[in-house]
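Report on the structure given below.
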Amino acid sequence: MHDPTPAPLAIDFDDSFVRALPADPEPKNRRRQVYGAGYSRVQPTPVPDPTLLAWSPECAALLGLPPAPDPEAAAQVFAGNRLLDGMRPYAACYGGHQFGNWAGQLGDGRAITLGETVHAGRRYELQLKGAGPTPYSRMADGRAVLRSSVREFLCSEAMHHLGVPTTRALSLVTTGEPVVRDMFYDGNPRPEPGAIVCRVAPSFVRFGSFEIFTARDDAETLKTLADYVIRSHFPEHWPTSGEPSPDDYAWWLAEVAERTARTLIHWMRVGFVHGVMNTDNLSILGLTIDYGPYGWLEPYDPGWTPNTTDAHGRRYRFGNQPAIGGWNLVRLAHALYPLVGAVEPLQSAVDRYSTTLAAEARRAWAAKLGLEERVDGGEDLNADLVGRWLTALQSTEVDYTLAHRLLADVPADAAPGDALHAIRGAFYDFGGMPSEVRGAFLEWFRSYVARLTEEGRPDAIRRGAMNRVNPKYVLRNYLAQLAIDDAEQGDPARLRETLDVMRDPYGEQPGREAYAARRPEWARDRPGCSTLSCSS
Ligand code: AMP
Ligand code: MG
């Protein structure tokens, strides 16, 4: 018989980070510099009227929590109003380079970890974002608005289902308390609904977590943190002697470099622009972390960034993400210097980034175009075909996601004109395409179908393989905004349906094609759909 009583929320906590790192001795929750400590004990600030808006059953399963919890109980716990037995909250200290400049101490200014749990042999940290001020809040309020919380909740889970390494999201709760934000920093502050996301990851340690100790000449805490991270999260790199050598630290850095490269190539594959790749926003585990003014490429443009705060330099534009990953790894290598004591091993670790990036990019592009990888003496023989494809895509407005998805439908024996016709749905203005652009596409398709014919893979098999790497459904910027618009009116139905669609991004999902549609014209310039600021 169906049991209408949902299972209680119970978690066994096992807080490894706080056991390993030194604690901030000062108990008072006031904004300040915190020295010689990995974290500060802090309590979430209660909110007046917590309401559970969304819950991820897949993320709940990771933690042994029910797929559909009692909404009242879940709202109280995941707003930070009620602590479960064993929860001992804290905020972590870290620093970072923001937009290329050292910014000093940052830290969990509005994130509060509730604890860590080990379920089915895997360790997860549960962290509330927007649960009130901490010693790291600087001038800000420790809160988060609903729009940015919806975006973090949906995108965390969408990325997971796309197969991109990412932090996860368990719950989204509205607080019943307005939060004042000046969305475009233009002197127009207004109250917005407040919300809290409970996010989940094996660890939220960032590149900047290491940088802060080195910047403060605190080699002892740096070593404590590195040893903790390696032992707990990279056990295969932990030496049997129990005492890492300088080379061990460098080998571990090489592993971080590889993971970072792989994740950035996934971003390229799915058309994701992070928007704020500061070193405090790069996970030491290679996860996508800190969903802020991110966006999805709609018309293909490697120069695009959704982040208005970065509109001038466009440091974090789509096409620059791989270079920034490398820049950030050099910052991490600097931070680890005290543990290694020599440049050469750190340099070769960082070099693993570019070699991994090149290999993964080659592999990803071959897969996206449905081709065999062809390499000769390190040279990518697909580079010309890939480069011409991207040049053609860039020469007119073509949707990045749809272009690759539709490409799978091109038969190997298609005439170039028919092949181009097969992807017409990706074009914003197929009929109005200038003749030289059309010519470039036809020229490209001539090479492409010749190559498909040469490879001789059956169309159906190639289509299946391509559809497993080229998603049909991504969290288009305007889809997130539509979910936000309704959620702000108190209606979470669209948000929940959007989550449901994003659970199967590579499937066809008949009846839900609207979620795969090209960006509508109304969304072209609407804030939230094409431009976002860091205000959240
Ligand atoms: P971000 O740009 O989200 O990576 O944030 C950079 C730093 O600012 C981090 O230390 C955040 O914790 C902090 N921060 C951002 N927003 C807030 C806020 N509303 N209240 C307190 N701290 C914040
Ligand atoms: Mg951040």
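The values are calculated or read from the model by the stated rules, or taken from the named source; none is laboratory data. Quick caveat: nothing in here was measured; it's all calculated off a predicted structure. Glycine also receives a Cβ, built like all others from the backbone with ideal geometry; neighbour counts cover every protein chain displayed. What goes into the accessible areas is simple: the full protein's heavy atoms, side chains included, and nothing from ligands, DNA or RNA. Shrake-Rupley method; radii C 1.70, N 1.55, O 1.52, S 1.80 Å.
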* Could you grab me the full set of residues in the stretch 18-61 that are open to solvent by 60 Å² or more (accessible area, probe 1.4 Å) and within 30 Å of ARG216 (Cα to Cα)? => ARG19, PRO25, PRO27, LYS28, ASN29, ARG30, ARG31, GLN33, TYR35, ARG41, GLN43
* Structure fact -> Out of (1) assigned to a helix (DSSP H, G or I); (2) open to solvent by less than 40 Å² (accessible area, probe 1.4 Å); (3) away from ligand 2 (no atom under 16 Å from the Cβ); (4) farther than 22 Å from VAL386 by Cβ, the one TRP251 does not meet is (2)
* Structure fact -> ALA450: passes all of (1) in contact with an Asp or Glu (Cβ under 6 Å, 6 or more places away or on another chain); (2) part of a helix (DSSP H, G or I) but (1)
* **Failed item, numbered, when TYR337 is tested on (1) more than 16 Å from ligand 1 (Cβ to nearest atom); (2) in contact (Cβ under 8 Å) with a residue 40 or more places away in the chain; (3) in contact with a Phe, Trp or Tyr (Cβ under 9 Å, 6 or more places away or on another chain)** => (3)
* Structure fact -> Counted residues in the stretch 291-309 being surrounded by 22 or more Cβ atoms within 10 Å (Cβ to Cβ) and not aromatic (Phe, Trp, Tyr) come to 7
* Structure fact -> Within the stretch 278-290, the count of residues that are more than 9 Å from ligand 1 (Cβ to nearest atom) and open to solvent by 20 Å² or more (accessible area, probe 1.4 Å) comes to 1
* Structure fact -> In the stretch 113-129, anything over 10 Å from CYS198 (Cβ atoms) and crowded, with 18+ Cβ neighbours inside 10 Å is listed as THR113, GLY115, GLU116, THR117, TYR124, GLU125
* Within the stretch 174-181, is even one residue buried (at least 24 other Cβ atoms within 10 Å of the Cβ) and near ligand 1 (Cβ under 10 Å from one of its atoms)? -> no
* Condition met for ALA480 (part of a helix (DSSP H, G or I), under 24 Å from ARG269 (Cα atoms) and touching a residue at least 12 places away in the same chain (Cβ under 8 Å)) -> yes
* Scan the stretch 385-400 and report the pairs whose first residue is farther than 15 Å from LEU297 by Cβ and open to solvent by 20 Å² or more (accessible area, probe 1.4 Å) and whose second residue is among the hydrophobic types (A, V, I, L, M, F, W, C) and modelled with pLDDT of 95 or more, with Cβ atoms within less than 8 Å and a gap of 6+ or a chain change. => ARG388/ALA440; ARG388/TRP444; THR391/ALA440; SER395/VAL437; SER395/ALA440
* To do: Show the residue pairs that are 6+ apart or on different chains and have beta-carbon atoms under 6 Å apart, the first residue being within the stretch 241-256 and free of Cβ contacts under 8 Å to residues at least 24 places away in the same chain, the second being loosely packed, with under 14 Cβ neighbours inside 10 Å.
  => ASP248/PRO239
* **Leading residue by the ranking (least open to solvent (accessible area, probe 1.4 Å)) among those in the stretch 375-384 that are at negative phi and part of a loop (DSSP other than H, G, I, E, B)** => ASN382
* Only one residue in ILE230, ILE212 is open to solvent by less than 10 Å² (accessible area, probe 1.4 Å), more than 17 Å from the chain's Cα centre (by Cα), more than 16 Å from VAL330 (Cβ to Cβ) and within 16 Å of ligand 1 (Cβ to nearest atom), so which one is that? -> ILE212
* Asked: When residues of the stretch 191-209 are filtered for being in a loop (DSSP other than H, G, I, E, B) and under 12 Å from LEU128 (Cβ atoms), how many remain?
  -> 1
* To do: Out of LEU106, LEU83, report the one residue that is at pLDDT 95 or above, crowded, with 20+ Cβ neighbours inside 10 Å and either farther than 16 Å from PRO46 by Cβ or not hydroxyl-bearing (Ser, Thr, Tyr) (or both).
  => LEU106
* How many of the residues making up the stretch 97-152 are part of a strand (DSSP E or B), among the β-branched types (Val, Ile, Thr) and either closer than 19 Å to TYR35 by Cα or within 16 Å of ligand 2 (Cβ to nearest atom) (or both)? -> 3
* Pick from the stretch 182-199 the residues that are aliphatic (A, V, I, L, M) and surrounded by 24 or more Cβ atoms within 10 Å (Cβ to Cβ): which of them is farthest from ALA144 (Cα to Cα)? -> VAL197
